[in-house]
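Trainee: If you scroll down you'll find the structure; I have some questions about it.
The values are calculated or read from the model by the stated rules, or taken from the named source; none is laboratory data. Since we're looking at a predicted model, the values are computed, not measured. Don't worry about glycine lacking a Cβ; one is built from the backbone with ideal geometry, like all the others, and counts go over all protein chains shown. Ligands, DNA and RNA are stripped out before the accessible areas are found, and what is left, the full protein with its side chains, is counted by its heavy atoms. Shrake-Rupley method; radii C 1.70, N 1.55, O 1.52, S 1.80 Å.
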Amino acid sequence: MKKLDVLNRDRFVADLLRVMENISDNKASTCFALNGIWGSGKSFVLDMFEEKLSEIQSEETYTDKYFIVRYNSWQYDYYEEPQSIYTLQLSTY
């Protein structure tokens, strides 16, 4: 079931996708971070972003050009060296 976007995050996600497409079209690479207080809708925005991205890329149409890594810092809070977890996370893709 699709979640209801009561905070109208759809426009933000659409703008982010446009920025990402422009960066990609210019053959540049980038990294995005999403900051906000607890309960502000970060996970909702990420879920919506991934959903919209899956609509524009597909292995069937050979437009699978984006690589998304979601890292939950709370899940690995007890590690002293987060770089090892980043590497481990990337190796699962």
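Trainee: Where nothing but the Cβ of Lys and Arg (+1) and of Asp and Glu (-1) is charged, how large is the charge dipole of the chain around its Cα centre, in debye to the nearest 20? Each step should come with its number before you reach the end.
Mentor: Values: 10 positive and 15 negative charges, 57 e Å.
Value, rounded to 20: 280 debye.
Trainee: Here is a follow-up. Check which residues have an amide H placed less than 5 Å from Tyr76's amide H, if you skip close sequence neighbours.
Mentor: none
Trainee: OK, next. I need the peptides 16-24, 44-52 ranked by packing, meaning the mean over residues of other C-beta atoms within 10 angstrom, with the highest value on top. Kindly include the intermediate steps, with their values, before the conclusion.
Mentor: Values: 16-24: 13.4, 44-52: 16.1.
Ranked by mean Cβ neighbours within 10 Å, highest first: 44-52, 16-24.
Trainee: Could you please report the charge total around Gly36, scoring K, R as +1 and D, E as -1 over all other residues with beta-carbon less than 13 angstrom from its beta-carbon?
Mentor: Details: positive: Arg9, Lys42; negative: none.
Spelling it out: positives minus negatives among the neighbours equals +2.
Trainee: Here are labelled values, (i) 15.1, 42; (ii) 16.1, 50; (iii) 17.6, 54, and one is the computed Rg and Dmax of the Cα atoms in Å for what I pasted. Which one?
Mentor: Computed from these coordinates, Rg and Dmax of the Cα atoms in Å corresponds to label (i).
Trainee: What's the FRET efficiency of Thr92 with Asn8 using the Cβ-Cβ distance as r and R₀ = 30 Å, to the nearest 0.05?
Mentor: Values: r = 34 Å, r/R0 = 1.12.
Plugging the Cβ-Cβ distance into 1/(1 + (r/R0)^6) gives 0.35.
Trainee: Kindly state, to the nearest 0.05, the FRET efficiency for Ser29 paired with Glu80, given R0 = 22 Å and r defined as their beta-carbon distance. Walk me through the numbers before you get to the answer.
Mentor: Numbers: r = 28 Å, r/R0 = 1.29.
That gives a FRET efficiency of 0.20.
Trainee: How many nm separate the modelled label positions at Lys42 and Glu21, each set 7 Å beyond the Cα in the direction of the Cβ?
Mentor: 2.8
Trainee: Hey, what did the chain get for relative contact order, percent, Cα under 8 Å, at least 6 apart? Before the final figure, lay out the partial values.
Mentor: Numbers: 24 pairs, mean separation 17.1, N = 93.
So the answer I get is 18 percent.
Trainee: Probe radius 1.4 Å, ligands and nucleic acids ignored: give me the carbon and sulfur share of the accessible area of the chain as a rounded percent. Working shown, then result.
Mentor: Working: 4330 of 8010 Å².
Carbon-and-sulfur percentage of accessible area, whole number: 54.
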